[in-house]
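The values are calculated or read from the model by the stated rules, or taken from the named source; none is laboratory data. Remember, predicted model here, so these are calculated numbers, not experimental data. Heads up, the Cβs are rebuilt from the backbone with ideal geometry, glycines too, and the neighbour counts pull from every protein chain shown. Please note that ligands, DNA and RNA were not included when accessible areas were found on the heavy atoms of the full protein model with its side chains. Shrake-Rupley method; radii C 1.70, N 1.55, O 1.52, S 1.80 Å.
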Amino acid sequence: MSWKPQYGSSKFRHVYGKAASKDKCYDCVPITQSVQDNHFCAVNPNFIAVVTECVSGGGGAFFVIPIKQTGKLDPYYPKVSGHKGNVLDIKWNPFNDFVIASCSEDATVKIWDIPNHLLQENITTPKNTLLGHTRRVGLLEWHPTADNILFSSGYDYKIMIWNIGVKDAVLSKPVKILDVHKDVVLSMSFNRDGSLLATACRDKKIRVIDPRAGAVLQEGSYKCHKVNKVLFLGDMKKLFSTGTSMWNNRQIALWDQNDLSVPLLEEDVDTCSGLLFPIYDIDTHMLYVVGKGDGNIRYYEISPVKPYLKYLMEYHSPLPQKGIGMMPKRGLDVAACEIFRFYKLIPTKNLIEPISMIVPRRSESFQEDIYPLTAAAQPALTAQEWLVGINKEPCLVSLKPGSEAMSSLPQPPEPESLMETTDLSRQQGVRGKVLLVEEQEEPRDMEDRRKRLKVEERLPEDEQMCCSNGFDIFEGPPPRTENELLQMYYRQQEEIRRLRELVIQRDVQIKQLELEIRNLCMDIGNY
């Protein structure tokens, strides 16, 4: 079995889990007793939200606790309590740390604005209420790249797509309804750019769906694997699922997203009865399998080629977990080589225990090999762009302290280097030498050189890059408020995305011209 290791070389071979000390835990938190198979916890760099027991007056509620407010929780601490039934799922907006969505047994989805200060009283009025489901709503998922797009799944067997970027307080019509399931949806997962949705259903089938077209692209089930949770493995074009075998053993399986007839890998884990939550870290290609009802966290390394799954280690704890929360990468402690952080819900002790996954390193400098560019808190698309069919990879950010880059786009080069590059490119003999040098350079160096050329071709010699989406940043006074600063920043990000598309077009043109030049040189050489 995969959890009986075959050791191999890996920079994550010695990753270990470290539980926080008692003073850095969240104590006296009454955790929900619901039997729903959800995480019941959502975390971002500012807050931790956890579903709690129903309030005395009826209805469901959850706590929103500042991430640094550890220790014992005040028994009268304010709640977010606007639902009439038990809260079943909560999810933070990935692009706004102060917006959270919740769903409930009362068949509603609510969007909440959380103040950036300590709560003084209960929050009972949501920003938006989404009315569309006819039965209780059990799952929520935000789109990974498009702003304000939320997916909800209910016990009416429907998945609804909402655009919450509207001013209406009550939304009764989703932008799209996916009515392709014959039973309750147990799990939802997006691929890297959010163009595909994978679902696990109570009818024991896994489906890959085009959410905008509402079409099922792949559907499959396997008699020896009863699926409970399914997960896209980034851009590897593979799915990972957890479930049970014919003998009720806990089981994991790996699938090709283009062929769900037979799993690529299927293995029993143990004989425990609790659910397995799969969690994938696309940056390190590590897969965590968290057991509900036990205290173990198994972790593996995923490879695109056989044997696909390599066992690394297992974190053991005698305290069983009911749910789990995950800190986004931008909230990790890179100085301690922390590559992942869980927040473990322990209802028997009313405790939330942070668990850090750490790569042991002696150096105190930033470890670039374990911290590649990761998803930023900025959307790559607007809701309307995604709805009309546009797909984009997530905006990326570096975790290096002091880094100002908010995406994976290269920064514009200095004007002097642009002028030098242009002078060289205008000389035919030197241009030939540049082509020969590019053949010997590394691909990344070639790409940087070409992008400098493309930026210079687009800019006049006497013009500076001072416009952002048609807005001259030197035309008016500098921003005076945080909102004005954010508006200017978003405009600049939109302009950067537009320039990126132009750069890609120029890159294609340059490659075509280079090919034509080389063909002409070969023809001349033959004569």
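For segment 16-375, what proportion of DSSP beta bridges, expressed in % and rounded to the nearest 5, is antiparallel?
Of those bridges, close to 95 percent are antiparallel.
Arg497 accessible area, nearest 10 Å², 1.4 Å probe?
40
Compute the length gained on full extension between Lys24 and Ser363: take 0.36 nm times their separation in residues and subtract their Cα-Cα distance, giving the result in nm to one decimal.
119.5 nm
Tell me, what is the percent relative contact order of segment 133-187, built from C-alpha pairs under 8 Å that lie six or more residues apart?
In percent, rounded to a whole number, it is 31.
Can you work out the PRE-style zone for Asn248? Point 7 Å along Cα to Cβ, and I want the residues of segment 310-352 with backbone N under 20 Å.
Within reach of a label on Asn248: no residues.
To the nearest 0.05, what FRET efficiency results for Asp179 and Leu264 with a Förster distance of 30 Å applied to their C-beta separation?
The formula returns an efficiency of 0.50 here.
If you project the alpha carbons of segment 41-80 onto their three principal axes, what span does each projection cover, largest first, in Å?
Largest to smallest, the principal-axis extents are 31, 19, 11 Å.
What does the extension gain come out to for Arg202 and Gln120, with contour length at 0.36 nm per residue minus their alpha carbon separation?
25.4 nm
Around Gly331, under 14 Å between beta carbons, what's the net of Lys plus Arg minus Asp minus Glu among the other residues?
Result for the local shell: -1.
I'd like the chymotrypsin sites (Phe, Trp or Tyr not before Pro) in segment 42-116 restricted to DSSP loop residues with at most 14 other Cβ atoms within 10 Å, sorted by number.
Here the chymotrypsin sites (Phe, Trp or Tyr not before Pro) that fit, given the DSSP loop and packing criteria, are Tyr76.
For segment 16-375, what number results from the quotient of the Cα radius of gyration and 2.2 N^0.38 Å?
0.95
Set the Förster distance to 51 Å, then compute FRET efficiency between Asn350 and Ile517 from the Cβ-Cβ distance, nearest 0.05.
Efficiency for this residue pair is about 0.10.
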